[in-house]
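**Student:** Please read through the structure below; I'll follow up with questions.
What follows is calculated from the coordinates using simple rules that are stated; it is not laboratory data. Predicted model only: the values in this text are computed from it and were never measured. Methodologically, a virtual Cβ is constructed for each residue, glycine included, from the backbone with ideal geometry; neighbour enumeration extends over all protein chains shown.
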Amino acid sequence: MSRLGGNAVVVQTTDERFQIGRVVQQTLNLCKENFGIFALLTVIFSCVPDAIFALIGLGMDIDPDDTAAVIRGVPGENAVTGLLAIPLYIGLIRAAHAAWNGTKLSLSQSLEGAGRLFPGMLGMNILIGLGVILGLILLVVPGVFLAMMWSIAGPLKVLEGRAATEAMSRSAALTKNNRWAILGVYLIYTLICIAAAVVIAIPAIIVTFLTGGAAAPLFDVVAVPIMSGVAIALFAVGSAVIYRELVQIKEGGQVGDVAAVFS
């Protein structure tokens, strides 16, 4: 069982099993109690860049039916948003971890050491991405299996200062015998994101209808970036919760102070 006590998350693990419901509840509690810093990081590194790219697309007046023109703009946008996702992920993981220990981090504190971690995170993301893509191409299931096996490599890199391959190896060891349960957690996160997307989309659709379509760009510039940001934040914080849960049930200890990684 776990609960939020004041500024700290008090963890009381009653058994050694990975419980999907407990992990999801802990994730939602963390997001609720630390909404301010999570939202600030997400707006800066995800929502604003996505909105800017949407505005650029509107300014270029690209015909959505012109597939070639649309595709030409994708690589550059994906490269920028992908790179910005790394400091966002680092900041969210650090802030979530600190919250577990009863500490509220500022924006600068959340991003402390991000520059040093950036190259290693980028390299590790590329390795994991290539492995998962190869697995998906081969038979889908291997790709999903690999994604779950390496699902906490990010928190291991950020919170324990592991090298990329070491983080991937330790992630494989910690997730062993729990990978399908972890998949269940991520499926629930996906359903939550879909529900959030519906809630976010409704006001934009209503405004667009009331303005006779004049406010249609509002959907791409405001609603879509928020939807994307919510998904990124939830999955990042969720991976930190999964990491901590696995360390506690498999190693029986508390996760150490992350400050040592950045000293």
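**Student:** Between THR211 and GLU16, what FRET efficiency follows from the Cβ-Cβ distance if R0 is 45 Å, with the result rounded to 0.05?
**Tutor:** Step by step, r from the Cβ atoms, then E = 0.20.
**Student:** Sticking with this one: In nm, give the distance between the simple-model label positions of LEU136 and ARG116, each being 7 Å from the Cα along the Cα-to-Cβ direction.
**Tutor:** Placing both labels 7 Å along Cα→Cβ, they lie 3.4 nm apart.
**Student:** How much length would be gained if the chain were fully extended between ILE52 and SER108, taking 0.36 nm per residue of separation minus their Cα-Cα distance, in nm to one decimal?
**Tutor:** 17.8 nm
**Student:** Oh, and also: Considering the zone a paramagnetic label at ASN177 would reach in this model (a point 7 Å from Cα along the Cα-to-Cβ line), which residues of region 225-253 have amide N under 15 Å from it?
**Tutor:** Answer for region 225-253: 246-252.
**Student:** While we're on this one: Given points 7 Å out from each Cα along the Cα-Cβ axis, report the ILE126 to ASN101 separation in nanometres with one decimal.
**Tutor:** With each label placed 7 Å out from Cα toward Cβ, I get 3.2 nm.
**Student:** Which values, in whole Å and largest first, are the semi-axes of the equivalent ellipsoid of region 113-263 obtained as the square root of 5 times each eigenvalue of the Cα gyration tensor?
**Tutor:** 34, 19, 16
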